[in-house]
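Working notes, structure below.
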């Protein structure tokens with residue numbers, strides 16, 4: 001079995017270098033009035049591979065290999081500067097009424113589960 005792992009890892013590394021950049025995901029740094037904003041991303045990766053050999057019927061040799069990879073890229077916020085001050089502005093977190101609306105489905109499910117539990121208990 002010849003899997004060419006070094007060649008595969010080289011191609012994956014090249015892909016990550018070109019694609020896993022803030023410019024690719026959310027854009028270039030920009031200015032907004034007095035503020036300079038620099039996008040920040042989170043990158044997660046996973047790799048796996050396996051292979052095996054065996055004997056099929058009539059002494060025929062059989063082999064198989066497999067590989068997989070996954071990558072997730074998520075914008076998580078902005079570094080914001082104004083003069084000498086630097087702060088991090090997080091994205092993806094809802095505040096105020098938007099956060100309350102995001103919790104409504106979970107709340108409905110809890111109420112539904114509680115009602116069903118009460119009906120199943122014998123009195």
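One table, with the values for the structure above:
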{"item": "Pairs, first within 21 Å of residue 38 (Cβ to Cβ) and assigned by TED's automatic domain parsing to the domain that holds residue 37 in the range 67-88, second at pLDDT 80 or above and not in a strand (DSSP E or B), C-beta under 6 Å, six or more apart", "result": "75/91; 77/91; 82/34"}
{"item": "Condition met for residue 52 (in a strand (DSSP E or B), touching a residue at least 12 places away in the same chain (Cβ under 8 Å) and over 16 Å from the mean Cα position of the chain (by Cα))", "result": "yes"}
{"item": "Unmet requirement for residue 93, which otherwise passes all of (1) within 30 Å of residue 16 (Cα to Cα); (2) modelled with pLDDT of 75 or more; (3) not in a strand (DSSP E or B)", "result": "(2)"}
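The values are calculated or read from the model by the stated rules, or taken from the named source; none is laboratory data. Quick caveat: nothing in here was measured; it's all calculated off a predicted structure. When we count neighbours, we look across all protein chains shown, and the Cβ atoms used for this are built from the backbone with ideal geometry, even at glycine.
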